[in-house]
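Data block below; observations after.
What follows draws every value from the coordinates through simple rules; no lab data is involved. Fair warning: this is a prediction, and the values are worked out from it, not measured in the lab. So basically every Cβ, Gly included, is an ideal-geometry build from the backbone, and we count neighbours across all protein chains shown.
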Amino acid sequence: MNAELGQADTGTDPVLEAKDLVKHFPIQRGIVVKRTVGHVQAVDGVDLKLHPGRTLGVVGESGCGKSTLAKLLVGLETPTSGSIKLEGREIGNLSARRMRPFRRDVQLVFQDPYTSLNPRLTVGDIVGEPFEIHPEAVPKRGRAGEVKELLDMVGLSPDHINRYPHQFSGGQRQRIGIARALALRPKVLVCDEPVSALDVSIQGQVINLLQRLQDELGLAYVFIAHDLSVVRHIADEVAVMYLGKVVERGTGPEIYDHPRHPYTQALLSAVPVPDPDLRGHREEIVLQGDVPSPIDPPSGCRFRTRCWKATDRCAEEVPSLAVGDRGTHPTACFYAEERDVTHAVK
């Protein structure tokens, strides 16, 4: 059964859709004559649907393919195979010239607010740079006013338009990055760990800003993070990735209160419990071994080398991301079952 059956039906067509998305990076050797000796399987058969005004959270360990997925969705990488559609139009394999009109509708918020802003440019130049690339978006005489409006929209003073990035804090710099991403009035924001480089006290402010902007502008978000508590507060649906594949997908309550895949259960059991009275009431799952190399992933289920439920079948067959027998949310595991980790993330 196809995993898309488990995705929420909002009654609207998806604004962004990916089908069987694959990205393999070739490994080449040789100086004069280069030959391909293998591939890094960064993303391997990912499906997703994103509806207007909704947020899809993507979680997983470092190296699982989250950032590569983000680059594919915004057109910074070309898929090896598979399909990416924006409002029903195929954009996955367009040339740079033909991709240009679609870039206005899907924008990226970068992870590091310190390296994603040009230190030689003023805030006004940074936020207004998209208008130089897409001059048809705003007439030249109206760009200064548009930049000030964008700064005000993200909670910064329009009077700071002539300041430089080094004069702002990390949280303020990320707001500048968000303002830049909003300049062309996109339909989708792909947020690649946008708060991971910020202090915890600032993370909440940026999350609240993103939620307010979504309500006001009707934006759809792909929100990538490794912090499960952050994703719980912003995502309508959650996809859990492991070694290039989505292993579980469902609504926030389904994933956080009733996880079915062993990997998801292990991730949630590792989240610190803020209430000291509850810390002794949850079983902690300690995974053995390291994440396998994406160059040579395990046969069958890619999680089997670290899974306490693995059998010979897991080495021989690839589990599909499918709805459970009782209509439970999609999980790629032959032995999926619900586990009580409800105290893990609040």
Specify the residue with the greatest mean-square fluctuation among 269, 62, 83, computed from a Gaussian network of the chain linking alpha-carbon atoms under 10 Å apart.
-> 62
With +1 at each Lys and Arg Cβ and -1 at each Asp and Glu Cβ, the charge dipole magnitude of the chain around its Cα centre, to the nearest 20 debye, comes out at 1340 debye
Most mobile of 147, 318, 200 per a Gaussian network model of the chain (Cα springs, under 10 Å)?
-> 200
Per DSSP, loop trypsin sites (Lys or Arg not before Pro) in segment 111-157 with at most 12 further Cβ within 10 Å | 120
Measuring from centroid to centroid over Cα atoms, what is the spacing of segment 283-323 and segment 59-108 in Å?
-> 28 Å
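Within segment 63-169, which GluC sites (Glu not before Pro) sit in a loop by DSSP and count at most 15 neighbouring Cβ atoms inside 10 Å?
87, 136
Could you list 251, 68 in order of exposure, starting from the residue whose Cβ has the fewest other Cβ atoms within 10 Å?
Ordered from fewest to most neighbouring Cβ atoms within 10 Å, 251, 68 come out as 251, 68.
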Give me 191, 333, 307 ranked fewest to most by other Cβ atoms within 10 Å of their Cβ, as a rough exposure proxy.
-> 307, 333, 191
Options 15, 259, 147, ranked by Cα towards positive dipole end of the chain, top entry (Cβ charges) | 147
Rounded tilt (10° steps) of 170-182 against the dominant C-alpha axis of the chain = 80 degrees
Under 9 Å from the Cβ of residue 226, count the other residues' Cβ atoms, weight Lys and Arg +1, Asp and Glu -1, and hand me the total.
-> -2
Which of (i) 67, 62, 44; (ii) 69, 51, 49; (iii) 68, 52, 43 is the computed Cα extents along the principal axes in Å for the structure on display?
-> (i)
Once both axes come from the Cα atoms, what is the angle between helix 123-133 and the longest principal axis of the chain, in degrees from 0 to 90, rounded to 10?
-> 80 degrees
Once the dipole of segment 33-112 is set up from charges on Cβ (+1 Lys and Arg, -1 Asp and Glu), the residue from the list 52, 84, 63 lying farthest towards its positive end is 84
Counting only residues 5 or more apart in sequence or on a different chain, those whose built amide H sits under 5 Å from that of residue 104 are none
What's the angle, to the nearest 10 degrees (0 to 90), between helix 143-153's Cα axis and the longest principal axis of the chain?
-> 50 degrees
